[in-house]
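Q: Dropping the structure in here first, questions after.
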There are 2 protein chains.
Amino acid sequence: MSFFDQTYDVIVVGGGHAGCEAAAAAANTGSSTLLVTMNLQNIAQMSCNPAMGGIAKGQIVREIDAMGGYSGIVSDRTAIQFKMLNKSKGPAMWSPRVQSDRMRFAEEWRLMLENTPNLDFYQEMVNGLLVIGDRVTGVRTSLGIEIKAKSVILTNGTFLNGLIHIGDKQFGGGRAGERNSTGITEQLINLGFDSGRMKTGTPPRVDGRSLDFSKMIEQPGDENPQKFSFSNVTKSLTNQRSCQMSYTSPEVHDLLREGFDRSPMFNGRIQSTGPRYCPSIEDKINRFADKDRHQLFVEPEGWNTIEYYVNGFSTSLPEEVQFKALRQVAGFENVKFFRPGYAIEYDYFPPTQLRHTLETKLVSGLYFAGQINGTTGYEEAASQGLVAGVNASLKVQEKDPFILKRDEAYIGVLVDDLITKGTKEPYRMFTSRAEYRTLLRQDNADSRLTPLSYAIGFAGEDRMRALDKKESEAQNLVDFFNNTSITPEEANPVLAEKGTTPMKQSDKMVKIFSRPQIDLDDMLSFNEVQDYVAEHNLDTEVLEQAEIRIKYSGYIAKEKANADKLQRLENIKIPDNFDYTKLKSLSYEAREKLTKIQPTTISQASRVSGVSPSDISVMLVYMGR
Amino acid sequence: MSFFDQTYDVIVVGGGHAGCEAAAAAANTGSSTLLVTMNLQNIAQMSCNPAMGGIAKGQIVREIDAMGGYSGIVSDRTAIQFKMLNKSKGPAMWSPRVQSDRMRFAEEWRLMLENTPNLDFYQEMVNGLLVIGDRVTGVRTSLGIEIKAKSVILTNGTFLNGLIHIGDKQFGGGRAGERNSTGITEQLINLGFDSGRMKTGTPPRVDGRSLDFSKMIEQPGDENPQKFSFSNVTKSLTNQRSCQMSYTSPEVHDLLREGFDRSPMFNGRIQSTGPRYCPSIEDKINRFADKDRHQLFVEPEGWNTIEYYVNGFSTSLPEEVQFKALRQVAGFENVKFFRPGYAIEYDYFPPTQLRHTLETKLVSGLYFAGQINGTTGYEEAASQGLVAGVNASLKVQEKDPFILKRDEAYIGVLVDDLITKGTKEPYRMFTSRAEYRTLLRQDNADSRLTPLSYAIGFAGEDRMRALDKKESEAQNLVDFFNNTSITPEEANPVLAEKGTTPMKQSDKMVKIFSRPQIDLDDMLSFNEVQDYVAEHNLDTEVLEQAEIRIKYSGYIAKEKANADKLQRLENIKIPDNFDYTKLKSLSYEAREKLTKIQPTTISQASRVSGVSPSDISVMLVYMGR
Ligand SMILES: Cc1cc2nc3c(=O)[nH]c(=O)nc-3n(C[C@H](O)[C@H](O)[C@H](O)COP(=O)(O)OP(=O)(O)OC[C@H]3O[C@@H](n4cnc5c(N)ncnc54)[C@H](O)[C@@H]3O)c2cc1C
Ligand SMILES: Cc1cc2nc3c(=O)[nH]c(=O)nc-3n(C[C@H](O)[C@H](O)[C@H](O)COP(=O)(O)OP(=O)(O)OC[C@H]3O[C@@H](n4cnc5c(N)ncnc54)[C@H](O)[C@@H]3O)c2cc1C
């Protein structure tokens, strides 16, 4: 009997956002799973801002939830504020976002994982993999304990050889106050993997008691807050906390510039690339020299704490420069720091070394998920964890892989981008990365994904039933609008108010609902609609669903058709280990890139950078199409 | 303007139990205070068992609370089970103890500190002191930031050059999963301090889902749980979680013995001394070779978590030995580990280098509190934090020191023992250490200490009012028993049931209450008593107080007289830097020890080990008494 006398189906290394979702997904798809992490007291920490969701990221959280991941539920239960961003734009842009209570978030994750069958826990640092031939067989811990497994998912986040920078000072660490992780990178390089360095940064945390909120602009949550989870195990918030907003100024910028010569970003000490879209304040000043102010969002870290996060002021300038400059910001005249901002450099592995399942091409049974793949953000990490967890589990069970396509999910776009194009800077999701974003809405993540997840035994019965109910209620409501007439007497006052032409004679409700000037609230002002909604006890999600189907059905259908057309190429599979050297008419670059990426379909091949449409024609001809 | 542009009155280094109480005490006595700790997410961690109080320790928590410290309130608010230990013995032995929810405990501490005025926070490792001449002037952090202060309290716990041992493996750390702290010991040694090494250990944490509780003995909480805090900001538990009990066996011991040659305790790798009264399981087997079983208490780590603490199984044997042996224990046949037990060695500073205020003799304004002084236990640490925090604050304010005497508080005994006798092994409080333990009860900690604390502006008005109310209610109840008569008809059935002689004629109630066979419940069976209690709405604490005063007044008075007698010696002060070499008639040993300890009173001198009664006579003669 050895210390671990069991061979696990799946071992997940790391208890961050990726690791937590990976562990939940593997266990919930029936695999015996072990989560090994450096400190079980610190799992699911929000290393940076206390918030989940946001543009494109909120959609990802909804997708995770629709499949049965936990991020949406945890976020709902620990939210202190909810906002649907972009509500004034079309529904493809609607993006849910919450402020979170940082401590509760971590605690709720831990308790949910503890309540997950098939999932064991172990606290220690993993510093090596067990590999036989080209197959992973387990992990080795810093105590030298060997734990056997059929598959291993690495989710080390920013910890691999993590190096923290503040001004001209540097020290090892995986996150402020936590040690870094060593050994794994070196072994993977020996196994033949490419690795690189990336960097990210975080702003100072400050004492809310030292701030003057009267000089800032309040940012309250939505009046009618919604939530992430499609399931009914969470409720919307009834109570919310506000954030605040302030601005930097030319004086602030001047003070920051005084530290530029000691900035590790500018003096060459940090060579690796940071997230272009979460730039540090020094970056913003540098790149947008003409802007004389930048917004700062001042976000409470929880319901009761006095700790605040200064969103927009990420920096690795020397601490006294951070301090002097922040004291110039309105409301921050007397600010006290809990800790300064800092930057961290860490190892990542270019994700072109992975398959769509996030399994490595080099070592069978070994998966990478999260920041280790060169991404940034909790949502990006969590969704990769889910993909890796599900697929590791399915592979152990000798089932088909679970791959989301680009027209099915943002998560599909994310994975496909990573493995096909790789990334030279921390990859963050944007709506613009999705070619079918009218299809990939937050409101329909359940109808897109719950059935797929249910089919592999991940999403449960309850989620399917909830979806069926929502679908039929929404369809019935659409039918109601299609079939119910309204008179000019009733409609015209509303139409007049909204500045749209009056009706001449009675017509179906759908006709006026389809007008761009008329929204759900207008329709709800009609007695018959009110009665129908009350009688059927319909919730906001159903009403919005009907509205979207009526108002956007044209766009949606068009995009669907486009997607279907391209689907043709998606269906032409390329055999494993295809030998591109024999296709002499391919460009040299295409041959090289395709050999490296080994795309699985013609469609994926077409997305590899350096592969031209004529290269694709060559391939199609060769494959007899 | 530098990063910290303020000179604090008090800087507290370390956010463990000592540091948290120190910070609260300094801030609440009006000093501007900064708490600097390595990780603000991890403050007030329970490094070892999830429990507060217990024999002698429960009294300390009550004393801390009576003075206005936070440990009692935090413990009440985060308790999952309450027990008054030793309830069958005399009230001097009654000792409150709670099981705690580990995560909530830390969170509650943090939120209480955040709500404390005058208290700032900063996250970083301190690795040096600023010292000018023989005066401390601040601290230096690992980033090189200098923070100025009039006084500094070091509460580094087990972190100073902490080295973790499991079997024959060792690695640096301050606690499982956390890094150790370096630099401070080296600097202190350069300043002339003595330092030493101690060790302590902790048992494995296990997955409650892998345990079979049906094979264990349930250990429920008290039926009528009380609480620690004398204030009304906390309530007693209405709901509790049970612990469980199991036993080791000869088979378990045999399996453990197989690892003895790889035990760092037995093979000489750990040289430093561990806590004799919290021995590891291997120690117990070794020292009590005739015992064929030892109790194990299986304690949940919180309301909802599945993590359990195996109290009684502290060990640094190789992890697979721990595992194999524990699997032999009834109920543990399928146990899964969250993490193995381990031992930790760390630096401490022999506390004879301190004054009664816990200020160091060598460096003015520098205080040590907690495990750094060679103690063990959260309660011991917390109480020292309070003493150091209050005294640092009073000194900055140029007020008289706050010193608790041995007949006033266990905390007085603790500090006096430490600084007078020093300690060669981790010091833990016991009732036997107190010569006046009938005076130092948990029930009267408020009457002993609240007035003293109020006088220096620490305990608030509300605590004094609560004490006055309790005192007068208790005294009125005693008067009621003294003045109210009871008839034989009413009393005799109860007396008969308790096997004590019947009354012949009516007499005052106090007469029968004083009989050893009769307890409070018996008295409460009389209508008149019931009515009085109901009419005056008296709570348990008041009833118990009256009972103790009536039943134990004799013992208490006797001990008080003894204490007063000895107080005579306590009042004979020895001048600062007294030159013992000129007292030639002192024994050589006495001269040496007294020179080192520099006791402040003849009474303290008499407690220095190696000082005989005849040495004391010499001193008394010299001082003209
Ligand atoms: C300073 C900083 C600033 C950031 N700024 C931003 C930002 O501005 N915007 C943004 O979107 N994202 C930001 N992020 C990124 C965000 O925190 C991550 O994207 C997200 O946390 C990644 O999740 P993860 O699960 O991949 O890794 P992490 O959350 O880093 O979790 C890794 C986990 O693995 C554990 N672990 C690591 N190595 C081992 C090992 N060898 N053995 C056992 N356990 C191990 C760690 O203890 C930890 O629990 C920032 C992160 C940091 C640290
Ligand atoms: C493995 C283990 C087993 C134990 N077993 C027992 C037992 O069986 N029975 C028992 O009664 N007690 C036991 N204890 C002891 C108990 O945990 C301590 O007595 C108590 O926690 C001491 O409190 P403290 O405040 O002195 O230190 P700690 O609780 O150790 O807190 C120290 C704090 O200081 C911080 N810190 C340290 N150095 C620095 C620095 N340079 N800069 C900034 N911050 C710093 C740390 O981050 C931490 O927050 C055990 C402790 C450990 C670690």
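Q: Name the residues in segment B:491-523 that are surrounded by 17 or more Cβ atoms within 10 Å (Cβ to Cβ) and of a type in the set (Asp, Glu), would you?
A: Across segment B:491-523, the qualifying residue is only B:ASP522.
Q: Name the residue that is nearest to the other protein chains (Cβ to nearest Cβ), counting only residues in segment A:322-336 that are more than 19 Å from A:THR200 (Cβ to Cβ) and open to solvent by less than 10 Å² (accessible area, probe 1.4 Å).
A: Taking the candidates together, the pick is A:PHE323.
Q: Go through segment A:91-126 and count every residue that is open to solvent by 30 Å² or more (accessible area, probe 1.4 Å) and away from chain B (no Cβ under 14 Å).
A: So the answer is 2.
Q: Within segment A:369-390, is there a residue that is out of contact with any Cys (no Cβ under 7 Å at 6 or more places or on another chain), over 28 Å from A:ILE55 (Cβ atoms) and within 16 Å of ligand 1 (Cβ to nearest atom)?
A: Looking through segment A:369-390, none of the residues is out of contact with any Cys (no Cβ under 7 Å at 6 or more places or on another chain), over 28 Å from A:ILE55 (Cβ atoms) and within 16 Å of ligand 1 (Cβ to nearest atom).
Q: Follow-up. If B:ASN373 passes every condition in (1) surrounded by fewer than 22 Cβ atoms within 10 Å (Cβ to Cβ); (2) more than 14 Å from chain A (Cβ to nearest Cβ) but one, which one does it miss?
A: Among (1) surrounded by fewer than 22 Cβ atoms within 10 Å (Cβ to Cβ); (2) more than 14 Å from chain A (Cβ to nearest Cβ), the lone unmet condition for B:ASN373 is (1).
Q: Can I ask one more? In this structure, does A:THR137 turn out to be buried (at least 24 other Cβ atoms within 10 Å of the Cβ) and either at pLDDT 95 or above or over 24 Å from A:PRO350 (Cβ atoms) (or both)?
A: Considered against the rule, which asks whether it is buried (at least 24 other Cβ atoms within 10 Å of the Cβ) and either at pLDDT 95 or above or over 24 Å from A:PRO350 (Cβ atoms) (or both), A:THR137 comes out as no.
Q: On the given criteria, is A:GLN530 at pLDDT below 90 and part of a helix (DSSP H, G or I)?
A: Answer is no for this residue.
Q: A further question on this structure: With B:LYS395, B:LYS470 as the choices, which residue is touching a residue at least 24 places away in the same chain (Cβ under 8 Å), part of a helix (DSSP H, G or I), farther than 17 Å from B:ILE64 by Cα and open to solvent by less than 30 Å² (accessible area, probe 1.4 Å)?
A: Exactly one of B:LYS395, B:LYS470 is touching a residue at least 24 places away in the same chain (Cβ under 8 Å), part of a helix (DSSP H, G or I), farther than 17 Å from B:ILE64 by Cα and open to solvent by less than 30 Å² (accessible area, probe 1.4 Å), namely B:LYS470.
Q: State all residues of segment B:335-387 that are over 18 Å from the mean Cα position of the chain (by Cα) and at positive phi; if no residue qualifies, say none.
A: Correct list: B:GLY365 only.
Q: Of the conditions (1) within 11 Å of ligand 2 (Cβ to nearest atom); (2) without any contact (Cβ under 8 Å) to a residue 40 or more places away in the chain, B:PRO203 clears all except one; give me its number.
A: Failing condition for B:PRO203: (2).
Q: Still on this structure, please answer the following. How many residues does segment A:538-590 hold that are over 30 Å from A:GLN517 (Cα atoms) and outside any helix (DSSP H, G or I)?
A: Residues in segment A:538-590 being over 30 Å from A:GLN517 (Cα atoms) and outside any helix (DSSP H, G or I): 14 in total.
Q: From (1) away from chain B (no Cβ under 14 Å); (2) within 15 Å of A:SER210 (Cα to Cα), pick out the condition that doesn't hold for A:GLN295.
A: Going through the list (1) away from chain B (no Cβ under 14 Å); (2) within 15 Å of A:SER210 (Cα to Cα), A:GLN295 breaks only (2).
Q: For B:THR423, are the conditions met, namely being open to solvent by 10 Å² or more (accessible area, probe 1.4 Å), part of a loop (DSSP other than H, G, I, E, B) and touching a strand residue (DSSP E or B) at 6+ places or on another chain (Cβ under 9 Å)?
A: yes
Q: OK, next. Can you tell me which residues in segment A:5-38 are touching an Asp or Glu at 6+ places or on another chain (Cβ under 7 Å), of a type outside the set (A, V, I, L, M, F, W, C) and open to solvent by less than 20 Å² (accessible area, probe 1.4 Å)?
A: Of everything in segment A:5-38, those that are touching an Asp or Glu at 6+ places or on another chain (Cβ under 7 Å), of a type outside the set (A, V, I, L, M, F, W, C) and open to solvent by less than 20 Å² (accessible area, probe 1.4 Å) turn out to be A:SER31, A:THR33.
Q: Taking segment A:31-53, which residues are more than 9 Å from every other protein chain (Cβ to nearest Cβ), in contact with a Lys or Arg (Cβ under 8 Å, 6 or more places away or on another chain) and either modelled with pLDDT under 95 or within 9 Å of ligand 1 (Cβ to nearest atom) (or both)?
A: Hits for segment A:31-53 are A:ILE43, A:ALA44, A:MET46, A:SER47.
Q: On to the next question. Among the candidates A:ARG205, A:ARG175, which residue alone is open to solvent by less than 60 Å² (accessible area, probe 1.4 Å), among the charged types (D, E, K, R), farther than 25 Å from A:ILE285 by Cα and within 14 Å of ligand 1 (Cβ to nearest atom)?
A: Being open to solvent by less than 60 Å² (accessible area, probe 1.4 Å), among the charged types (D, E, K, R), farther than 25 Å from A:ILE285 by Cα and within 14 Å of ligand 1 (Cβ to nearest atom) holds for just one of A:ARG205, A:ARG175, which is A:ARG175.
Q: Would you pick out the residues in segment A:19-49 that are part of a helix (DSSP H, G or I) and either of a type in the set (Phe, Trp, Tyr) or away from ligand 2 (no atom under 16 Å from the Cβ) (or both)?
A: Once the filter is applied, which keeps residues that are part of a helix (DSSP H, G or I) and either of a type in the set (Phe, Trp, Tyr) or away from ligand 2 (no atom under 16 Å from the Cβ) (or both), segment A:19-49 yields A:GLY19, A:CYS20, A:GLU21, A:ALA22, A:ALA23, A:ALA24, A:ALA25, A:ALA26, A:ALA27, A:ASN28.
Q: Of the conditions (1) at pLDDT 95 or above; (2) more than 9 Å from ligand 1 (Cβ to nearest atom); (3) within 14 Å of chain B (Cβ to nearest Cβ); (4) in contact with a strand residue (DSSP E or B) (Cβ under 6 Å, 6 or more places away or on another chain), A:ALA149 satisfies every one except a single condition; which number is it?
A: (3) is the only condition that A:ALA149 fails.
Q: Based on this model, can you work out whether A:THR315 counts as among the β-branched types (Val, Ile, Thr), within 14 Å of chain B (Cβ to nearest Cβ) and within 16 Å of ligand 1 (Cβ to nearest atom)?
A: So A:THR315 passes the test.
Q: Mind checking which residues of segment B:524-544 are polar (S, T, N, Q) and surrounded by 15 or more Cβ atoms within 10 Å (Cβ to Cβ)?
A: none
Q: Same structure, new question: Would you mind telling me which numbered condition in (1) out of contact with any Pro (no Cβ under 9 Å at 6 or more places or on another chain); (2) within 15 Å of ligand 2 (Cβ to nearest atom) B:SER88 fails?
A: Tallying (1) out of contact with any Pro (no Cβ under 9 Å at 6 or more places or on another chain); (2) within 15 Å of ligand 2 (Cβ to nearest atom), B:SER88 fails exactly one: (2).
Q: With (1) at pLDDT below 95; (2) open to solvent by less than 10 Å² (accessible area, probe 1.4 Å); (3) more than 15 Å from ligand 1 (Cβ to nearest atom) as the list, and A:ALA66 as the residue in question, which single condition is left unmet?
A: Here A:ALA66 meets the rest and fails (1).
Q: Is it the case that some residue within segment A:366-378 is part of a strand (DSSP E or B), not assigned by TED's automatic domain parsing to the domain that holds A:ASP261 and not aromatic (Phe, Trp, Tyr)?
A: yes
Q: So, one more: Checking the structure you have, find out if any residue of segment B:273-287 is surrounded by 13 or more Cβ atoms within 10 Å (Cβ to Cβ), more than 30 Å from B:ILE372 (Cα to Cα) and acidic (Asp, Glu).
A: no
The values are calculated or read from the model by the stated rules, or taken from the named source; none is laboratory data. Source: prediction; values computed, not measured. Counting neighbours? That spans all protein chains shown, and the Cβs are built from the backbone with ideal geometry, glycine included. SASA here: full protein model, heavy atoms, side chains in, ligands and nucleic acids out. Shrake-Rupley method; radii C 1.70, N 1.55, O 1.52, S 1.80 Å.
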